[in-house]
Amino acid sequence: KLFIFLTLFFLFGTKIVQGMNYWDSTYYVGIAQYGYLSIQTQVFSPVYPFFIRILDFIMPSGTYWYIVSAILISNIFGELFVLYLYMKRGFKVALLVGLFPVFLLFSTIPYSDDIAMLFLAISMEGSDIVIIGFFSLAIATFLNLAYAIPSLMLRLRRWYLFFIPSLVGVAALILFWHFDGTPFAYFQIE
């Protein structure tokens with residue numbers, strides 16, 4: 001990916017970076033840069049914009065560099081996800097996932113999916129605390145993962161711990177209620 005990206009960068013210059021900032025990535029970059037300014041931005045979790053904002057402290061300022069930060073975050077987490085799969089599942093699984101076209105696309109352009117997938121993959125193994133912690137981070141990164149909470153109950157040795165990630169989902173509903181007057185604003189906006 002790095003070779004392809006650098007080749008495109010040398011051929012097209014900064015236009016390739018601007019060209020990667022479409023669809024949801026414009027919202028993530030906008031949230032990182034300006035905060036939640038419109039009701040449409042509220043469906044996007046603050047975790048990815050937070051990472052973009054952190055990286056922005058070491059990058060020059062400006063919209064272009066926010067986009068570069070978003071691209072770097074996506075690629076770093078995409079590579080960490082493949083590396084994690086390699087360590088836990090072996091070379092073939094990591095190679096299949098790493099070369100899967102949809103994964104290649106969404107781990108290259110600025111999207112939060114790689115962050116959520118890494119947190120979700122880590123939550124599949126380990127102690128109940130690791131499962132709960134990383135599953136909660138996955139939900140905080142991609143709110144739709146709250147639908148998987150019932151399956152989490154089957155995974156835990158102490159089933160009552162599923163309340164912790166449920167609190168992340170409830171906190172999101174309370175925030176929507178506070179800002180929009182209804183806890184179901186996320187579903188209406190989505």
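For the stretch 81-90, what does the Karplus curve 6.51 cos²θ - 1.76 cosθ + 1.60, with θ = phi - 60°, yield as ³J(HN,Hα) per residue in whole Hz, taken in order and with x for Gly and Pro?
Computed from phi, the couplings for the stretch 81-90 are 4, 5, 4, 4, 4, 4, 5, 8, 10, x Hz.
Quick check on the chain: helices-only [θ] at 222 nm, where DSSP H runs of length 4 and up contribute -39,500 (n - 2.57) each and the sum goes over total residues. Nearest 500, please.
-21500 deg cm²/dmol
Can you compute 3J(HN,Hα) from phi for each residue in the stretch 168-176, using the Karplus curve 6.51 cos²θ - 1.76 cosθ + 1.60 with θ = phi - 60°, rounded to whole Hz and x for Gly and Pro?
Computed from phi, the couplings for the stretch 168-176 are 4, x, 5, 4, 5, 4, 5, 5, 5 Hz.
If contacts are Cα pairs under 8 angstrom and at least 6 residues apart, what is the relative contact order of the chain in percent?
Working: 201 pairs, mean separation 33.0, N = 190.
Over the chain, the number comes to 17 percent.
Heavy atoms only, probe 1.4 angstrom, no DNA, RNA or ligands counted: give me SER69, SER61, SER166 ranked by accessible area, highest first.
Result of the area sort, largest leading: SER61, SER166, SER69.
What accessible area per residue comes out for the stretch 1-150, rounded to a whole number of Å², with a 1.4 Å probe?
Working: 8140 Å² over 150 residues.
With the other protein chains kept in place, the stretch 1-150 gives 54 Å² per residue.
How far apart, in nm, are the 7 Å Cα→Cβ label points at LYS15 and PHE187?
4.5 nm
For the stretch 35-88, give the percent of accessible area contributed by carbon and sulfur heavy atoms, probe 1.4 Å, rounded to a whole number.
Heavy-atom surface of the stretch 35-88 belonging to carbon and sulfur, 1.4 Å probe: 72 percent.
Convex hull over the alpha-carbon atoms of the stretch 31-115: what's its volume per residue in Å³?
98 Å³
Between VAL170 and LEU96, what is 0.36 nm times their sequence separation minus the Cα-Cα distance? Round to one decimal in nm.
Contour length minus the Cα-Cα distance gives 23.1 nm.
Amide H of SER45: which non-local residues (sequence gap of 5 or more, or other chain) have their own amide H closer than 5 Å, using H built in the peptide plane?
When sequence neighbours closer than 5 places are left aside, the close amide H contacts are LEU143.
Whole-Hz ³J(HN,Hα) for each residue in the stretch 130-145, computed from phi via Karplus 6.51 cos²θ - 1.76 cosθ + 1.60 with θ = phi - 60°, x for glycine and proline: what do you get?
The phi angles translate into 5, 4, 4, x, 6, 5, 5, 5, 5, 5, 5, 7, 9, 4, 5, 5 Hz.
The values are calculated or read from the model by the stated rules, or taken from the named source; none is laboratory data. Predicted, not measured: the structure shown is a model, and the values here were computed from it. When we count neighbours, we look across all protein chains shown, and the Cβ atoms used for this are built from the backbone with ideal geometry, even at glycine. Just so you know, the surface numbers come from the protein's heavy atoms only, side chains and all, with ligands and any DNA or RNA stripped out. Shrake-Rupley method; radii C 1.70, N 1.55, O 1.52, S 1.80 Å.
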